[in-house]
């Protein structure tokens with residue numbers, strides 16, 4: 001499942017890698033560029049209610065198969081058919097629907113086949129490998145872009161979700177019919193179980209982890225969508241090139257999130273999940289602002305701050321998801337996971353667009369101050385979350 005997830009996520013950073021050439025080719029504003037990056041999360045949000053509801057009724061392997069196909073065709077559409085803003089939005093929405101069919105269904109595949117006592121650490125590895133997939137996505141996309149053109153990036157990377165689908169199909173054994181799956185009879189209440197979601201949100205612990213995941217995802221995905229463009233600005237502002245290609249650097253930096261998430265979960269088990277989340281979110285905000293203010297400095301300082309920001313963003317990722325899974329009652333756990341994913345990627349939908357909008361509003365990509373305002377606009381939400389939860393008493397509990 002870790003290998004499959006890494007393959008399924010290879011298309012994740014294709015647009016971040018090709019943002020600059022596409023912005024010039026299609027004459028996009030920063031807001032439009034951010035909206036295309038956000039479109040993958042829109043597709044995710046539209047599809048994830050179906051994907052998560054179906055995993056409670058049929059083997060999640062079948063949902064994963066559909067998700068892999070959607071990711072494959074979405075990337076091929078970008079590589080062969082996209083000609084501007086609207087067509088790119090459509091194909092990125094399809095890619096997002098493919099991600100919805102693989103990410104949480106992949107977690108459900110694990111939870112259906114593991115004992116409860118094993119879940120926390122398995123979840124930490126599974127969520128951490130999000131960084132492996134996205135890191136490889138930056139690196140492979142950058143290498144292909146350098147060797148060929150932006151269209152080739154999408155055409156080659158489309159093989160990733162196809163490979164993920166085949167790995168799950170051939171190497172994950174199906175569930176036995178006696179596993180309690182109830183068939184395909186779905187009502188709209190199954191897709192949008194509002195009453196059950198209310199029960200989830202009435203659980204104070206579960207609600208805290210969900211809202212924390214929203215702020216985490218907003219900052220994480222905005223940063224990942226704009227990091228390559230920010231490195232490009234830094235190279236111009238400092239007058240010197242980085243020691244590696246900026247797409248390769250972005251990929252390597254993403255890899256730091258893998259041990260950060262796993263180790264962060266282990267620390268959280270010792271100091272308390274909520275204490276750890278509060279500490280990490282405040283640290284991430286400081287690191288993000290420090291990174292934004294370093295744009296004219298030496299490359300080693302910029303890269304060091306980018307690594308620190310990436311580590312701190314991801315240090316509470318597994319903790320937030322594991323906390324939600326452990327705090328949700330067993331009878332509504334599937335709905336809780338669906339809401340967690342839906343709301344979290346809703347933050348991912350907002351993040352890149354907010355970042356691009358603030359860039360346009362404060363001076364565009366050529367202004368150092370604009371980058372500081374843009375980073376400030378995405379890290380502030382974690383600070384506000386911690387302040388709110390401290391007042392409500394959430395962070396004082398384990």
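Would you mind stating whether residue 114 is within 27 Å of residue 337 (Cβ to Cβ) and without any contact (Cβ under 8 Å) to a residue 40 or more places away in the chain? Answer is yes for this residue. Going through (1) surrounded by fewer than 18 Cβ atoms within 10 Å (Cβ to Cβ); (2) modelled with pLDDT under 80; (3) touching a helix residue (DSSP H, G or I) at 6+ places or on another chain (Cβ under 8 Å); (4) in a helix (DSSP H, G or I) one by one, residue 155 falls short only on (2). Sub-7 Å Cβ pairs linking a first residue in region 209-228 that is more than 21 Å from residue 392 (Cβ to Cβ) to a second residue that is not in a helix (DSSP H, G or I), at least 6 apart or interchain, are 224/13, ordered by first then second residue. Hey, any hits in region 304-311 for a residue that's out of contact with any helix residue (DSSP H, G or I) (no Cβ under 7 Å at 6 or more places or on another chain), surrounded by fewer than 24 Cβ atoms within 10 Å (Cβ to Cβ), assigned to a helix (DSSP H, G or I) and without any contact (Cβ under 8 Å) to a residue 40 or more places away in the chain? Checking region 304-311: at least one residue is out of contact with any helix residue (DSSP H, G or I) (no Cβ under 7 Å at 6 or more places or on another chain), surrounded by fewer than 24 Cβ atoms within 10 Å (Cβ to Cβ), assigned to a helix (DSSP H, G or I) and without any contact (Cβ under 8 Å) to a residue 40 or more places away in the chain. For region 268-301, a residue qualifies if it is over 21 Å from residue 381 (Cα atoms) and out of contact with any helix residue (DSSP H, G or I) (no Cβ under 6 Å at 6 or more places or on another chain), and the qualifying residues are 269, 270, 271, 272, 297, 298, 299, 300, 301.
For region 343-363, the count of residues that are surrounded by 18 or more Cβ atoms within 10 Å (Cβ to Cβ), out of contact with any strand residue (DSSP E or B) (no Cβ under 7 Å at 6 or more places or on another chain) and not in a helix (DSSP H, G or I) is zero. Inspection of region 329-350 identifies at least one residue that is more than 29 Å from residue 122 (Cβ to Cβ), at pLDDT 90 or above and within 18 Å of the chain's Cα centre (by Cα). On inspection, residue 232 fails the criterion of being more than 13 Å from the chain's Cα centre (by Cα), in contact (Cβ under 8 Å) with a residue 24 or more places away in the chain, buried (at least 22 other Cβ atoms within 10 Å of the Cβ) and in a helix (DSSP H, G or I).
Among the residues of region 262-283, those identified as closer than 22 Å to residue 230 by Cβ and buried (at least 21 other Cβ atoms within 10 Å of the Cβ) are 280, 281.
The values are calculated or read from the model by the stated rules, or taken from the named source; none is laboratory data. Keep in mind that what you see is a predicted model, and the values were worked out from it rather than measured. As a convention, Cβ positions derive from the backbone with ideal geometry for all residues, glycine included, and neighbour counts pool all protein chains shown.
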